[in-house]
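Structure first, then comments.
Just so it is clear, none of the values below were taken in a lab; they were calculated from the coordinates. If you're wondering where the values come from, they're calculated on a predicted model, not measured in any experiment. FYI the Cβ positions are ideal-geometry reconstructions off the backbone, even for glycines, and counts take in every protein chain you see.
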Amino acid sequence: MSKKEERGSFSGRLGFVLAAAASAVGLGNIWRFPYLAAKDGGGLFLLVYVILALTFGFTLLTTEIAIGRKTGRSPLTAYGSMCPKMNWLGAVACIIPAMITPYYSSIGGWILKYMTTFVTGHGADAAVDGYFGGFITSQWSPIIWFVIYMALNIFVVFKGVNDGIEKMSKFMMPILVILIAGISLFSLTLEHTDANGVTRTGLEGFMIYVIPSFEGLTLKKFLVVLMDAMGQLFYSISVAMGIMVAYGSYVKKDTDLVKSVNQIEIFDTLVAFLAGMMIVPAVFTFMGTEGMAAGPSLMFVALPKVFQAMGSVGNIIGIIFFVTVTFAALTSSVSLIEAITSSVMDKWNMTRKKALTIVSAYIVIVGIIVCLGYNVFYFEYTLPNGSVGQILDILDYISNNLLMPIISIATCIMVGWMIKPKAIIDEVTRNGEGFSRKGLYTVMVKFVTPIMLTFLLLQALGMLDWLK
Ligand code: PHE
């Protein structure tokens, strides 16, 4: 098989949009978005998020997909082929998924473990205090679940762009939307009276989620909401890690990129919104407003308790929930592995099988080290943004908080000032497509987006601590 054939391509716009949306819809949509929305004044956060998606998100997503399609290359070589001075960007854009995949897949293993716990009817065990801590600190179990999770990923990436990634996305994404919509409607019907005789309902929780709260809103609080929404959006649309460049390179030349970008964003935002509609009312009903403060541990600690409190139906809801999360995680990690594999294939002229073997061996080794970070290699390290973490958190911090904004700032500088926005606009409108946000795009890519991203970077470096 010639190299060109082996690269593969999406069959059409639907396949591409679903695959890109499948990458974008991930753990961030399901646990982080609802938690931030609840923390940041409900509807106010939603409003800011949507405005940012239409401006900031649209700029970054359009840029990366167009770079991929224009060059027809994977991230490692795409940037350099557009602008030789920016060759280094490709290397960093590949280091990011190489840092993220091992820990994202370790979390994928945790999710598989929880899904199995609920499917086998042991959901009640997961609601017991210390269950999560006991699991991740045990020596073998997290490694075994991680390896099983990786095997699923490798199977899909091995099948290639069309038979693997596109098929999986077309199968899993519609199911994911139906399941998540189902539980979110169910969430609205909940009602619970706690030990103090206070009754709370899902509908009240839903109101907290969607009605903008301007109470006590100051400029400083607004900036916190803005930074949270921007950080979340940036992570959620899977930019700055080479994925969208790789996927862009598999898009046919006659596909309408403007429509595709819109649809990817609508899909991603809709799933995030539904996830909030599923989680915020449920947690509010059973745990009150304080329950929402659970943050990252929400999914593994607080939610199993919520499912338990629902009574007999809780185990079924738990199964549906963890199947949904498994789908969301799997489709995201597959996209990460694809970004690295395609780069190795292009750069060293390798077959998919050979490149994937090397990439998988690397991920498995680093992933095992990440798992051991909670027992054999346990330490506590304080990051520049003040949080204390283990190996997983350090990899997450360096990739997400530092390297990703740097990549996107550099991409904006390259497009805005070196190769000029016209190069991207021409690619987007190559078949005469309408691009009504052309002017907005130019201003965003040259000025607004890099400046906003610089704030995100400064915040990660702990230089905006007054914003807390
Ligand atoms: N966009 C994903 C999310 O919202 C994040 C992600 C995608 C992370 C792909 C890694 C790989 O969760």
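Once the chain from ILE365 to LEU185 is taken as fully extended at 0.36 nm per residue, the excess over their C-alpha distance is 60.6 nm. Normalised by the number of residues in segment 10-381, the average gap of Cα pairs under 8 Å and 6 or more apart makes the relative contact order 40 percent. Between SER138 and THR454, the modelled label-to-label distance comes to 5.1 nm, taking each label 7 Å out from Cα in the direction of the beta carbon.
Give me the angle, in degrees from 0 to 90, between the Cα long axis of helix 167-188 and the longest principal axis of the Cα atoms of the chain, rounded to the nearest 10. With both axes taken from Cα atoms, the answer is about 30 degrees.
In a fully extended conformation the segment linking VAL443 and VAL198 would gain 83.0 nm over its present Cα-Cα distance, using 0.36 nm per residue.
Of the chymotrypsin sites (Phe, Trp or Tyr not before Pro) found in segment 188-292, the ones in coil according to DSSP and having at most 15 other Cβ atoms within 10 Å of their Cβ are PHE214.
Taking 7 Å steps out from each Cα toward its Cβ at ILE406 and GLU290 produces label points 4.2 nm apart.
Each label was represented as a point 7 Å from its Cα along the Cα-to-Cβ direction; for ASP426 and ALA91 these points are 2.9 nm apart. Placing unit charges on each Cβ (+1 for Lys and Arg, -1 for Asp and Glu) gives the chain a dipole about its Cα centre, and among SER138, ALA37, LEU257 the Cα reaching farthest toward its positive end belongs to LEU257. How high is the FRET efficiency between LEU467 and ILE358 when r is their beta carbon distance and R₀ equals 60 Å, given to the nearest 0.05? About 0.90, to the nearest 0.05.
For the listed peptides 154-166, 105-117, 185-197, 369-381, a ranking on the average number of other beta carbons within 10 Å per residue, highest first, reads 105-117, 154-166, 369-381, 185-197. Sort segment 148-244 into rounded, prolate or oblate with this rule: let a ≥ b ≥ c be the square roots of the eigenvalues of the Cα gyration tensor; rounded if a/c is under 1.5, and if a/c is not under 1.5, prolate when a/b is larger than b/c, oblate otherwise. Oblate. Helix 449-460 and the longest principal axis of the Cα set of the chain meet at an angle near 50°. Spread over its residues, the convex hull of the C-alpha atoms of segment 10-381 is 145 Å³ per residue. The convex hull defined by the C-alpha atoms of segment 181-230 has an orientation-averaged projected area of 5.3 nm².
A simple rule links phi to the HN-Hα coupling: the Karplus curve 6.51 cos²θ - 1.76 cosθ + 1.60 with θ = phi - 60°, which for segment 349-366 gives 6, 9, 6, 4, 4, 5, 4, 5, 4, 5, 4, 5, 4, 4, 4, 5, 5, 5 Hz, with x for Gly and Pro. Placing unit charges on each Cβ (+1 for Lys and Arg, -1 for Asp and Glu) gives the chain a dipole about its Cα centre, and among TYR209, THR199, VAL325 the Cα reaching farthest toward its positive end belongs to VAL325. Kindly express, to the nearest 10 degrees and within the range 0 to 90, the angle between helix 257-291's C-alpha long axis and the longest C-alpha principal axis of the chain. Once rounded, one gets 20 degrees.
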